């Protein structure tokens with residue numbers, strides 16, 4: 001069976017427009033969250049992570065992206081362009097394209113949008129990305145709530161294992177839009193202060209926008225310095241509720257358990273967990289229960305939502321890329337915003353950025369509709 005590697009990668013966010021800059025900002029415990037008072041976006045001040053529009057426009061001009069492209073399309077194309085260029089791959093029939101997103105160009109439905117409503121269809125987004133780069137194969141859209149980014153990696157792995165593709169490019173992204181903000185506000189889940197995952201003093205989530213991309217490959221000649229091997233992955237839907245997670249953590253428990261079984265690793269071999277950590281009571285509590293059921297409560301754990309907010313369909317991909325860099329920097333990144341434990345079960349939250357020899361990490365993601373995904377990654381180079 002072929003090995004699957006995660007290689008060249010890029011992050012475009014409020015913390016920077018390349019992975020290196022973003023990771024260095026996180027290592028210095030710098031957050032991209034800020035209080036934004038934009039009545040055109042939301043009626044009240046919000047705390048969110050927004051990509052600098054001037055910087056995005058500068059990059060768009062360099063890539064000849066005019067106003068016929070949406071903001072999200074510009075973000076995704078710019079991020080993906082960076083790693084296609086690094087890989088120097090010919091985009092032939094053996095190369096796949098996966099797009100992970102929750103809402104895509106949902107802002108095309110807003111009254112102020114200059115784009116026709118059909119641009120909100122996810123297949124339209126796929127066509128635009130495919131056409132810009134002249135991929136030979138149609139884009140595969142992975143849109144499964146907030147597990148989409150991590151699930152896209154699992155889908156790419158399965159295409160490689162089945163011999164459909166040798167290489168797969170993934171690009172993920174979502175916007176902080178009026179639609180998304182109003183949706184989370186209807187749950188009374190938004191916080192106008194920086195979020196505090198797993199903390200007793202949390203007040204809800206922040207939202208963020210990002211574009212992230214990565215090359216998933218079976219070719220050992222296509223490895224970046226920070227490449228990792230995907231050694232186990234699994235997904236499970238607990239079908240508990242349209243928005244509420246399982247009270248027992250069953251879906252996440254099964255996902256992690258199966259991923260660990262496939263990877264053939266025990267709890268003590270995991271160096272840390274990059275968790276979902278949205279800073280809402282029900283999500284944080286569910287994760288704590290699942291992690292304790294698996295006897296992983298002593299494994300160092302962080303949530304990266306305190307740096308970016310919740311970036312929806314890009315979050316799992318974004319956080320996996322940061323995890324890759326964390327391994328090779330031998331650094332556990334602090335869980336930004338955390339103060340004191342606010343869940344019913346013990347968790348080993350990383351309070352301060354710390355140097356430690358690292359080799360293997362577990363990434364988890366959970367989302368609306370009861371979806372859960374887990375994946376385990378290992379250093380390729382020691």
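Some observations on this one:
- Within the listed set 297, 167, 62, the Gaussian network model of the chain (springs between alpha-carbon atoms below 10 Å) gives the highest mean-square fluctuation for 62.
- Rg/Rh for region 307-372 stands at 0.97; both radii use Cα atoms, and Rh follows the Kirkwood definition.
- Antiparallel %, DSSP beta bridges [both residues in the chain], to 5: 65
- Computed over region 5-222: relative contact order in percent, which uses C-alpha pairs under 8 Å that are six or more apart: 30
- Dividing the summed -39500 (n - 2.57) terms of all DSSP H runs of n ≥ 4 by the residue count of the chain sets its mean residue ellipticity at 222 nm at -9500 deg cm²/dmol.
- For the chain, a Gaussian network of Cα nodes joined below 10 Å ranks 201, 37, 372 by mean-square fluctuation, and the top entry is 37.
- Measuring nothing but how far apart in sequence close Cα pairs (under 8 Å, 6+ apart) lie, relative to its length, the chain scores a relative contact order of 23 percent.
- Considering only region 5-222, percent of DSSP beta bridges that pair antiparallel, nearest 5: 60
- For the options 81, 276, 241, a Gaussian network treatment of the chain with springs between C-alpha atoms closer than 10 Å singles out 241 as fluctuating the most.
- With the simple model of a label 7 Å out from the Cα in the direction of the Cβ, residue 114 to residue 52 spans 2.3 nm.
- A Förster distance of 35 Å, applied to the separation of the beta-carbon atoms of residue 295 and residue 188, puts the FRET efficiency at 0.55.
- In this structure, residue 90 and residue 143 have a Cβ-Cβ separation that, at R0 = 30 Å, corresponds to a calculated FRET efficiency of about 0.60.
- Burial ordering of 127, 31, 278, fewest other beta-carbon atoms within 10 Å first: 127, 31, 278
- Computed on region 229-379, with alpha-carbon pairs under 8 angstrom and 6+ residues apart, the relative contact order is 39 percent.
- Prolate/oblate/rounded call for region 229-379, Cα gyration tensor, a/c under 1.5 rounded: rounded
Just so you know, all these numbers are worked out from the coordinates, no wet-lab data involved. These figures come from a predicted structure and were not determined experimentally. Counting neighbours? That spans all protein chains shown, and the Cβs are built from the backbone with ideal geometry, glycine included.
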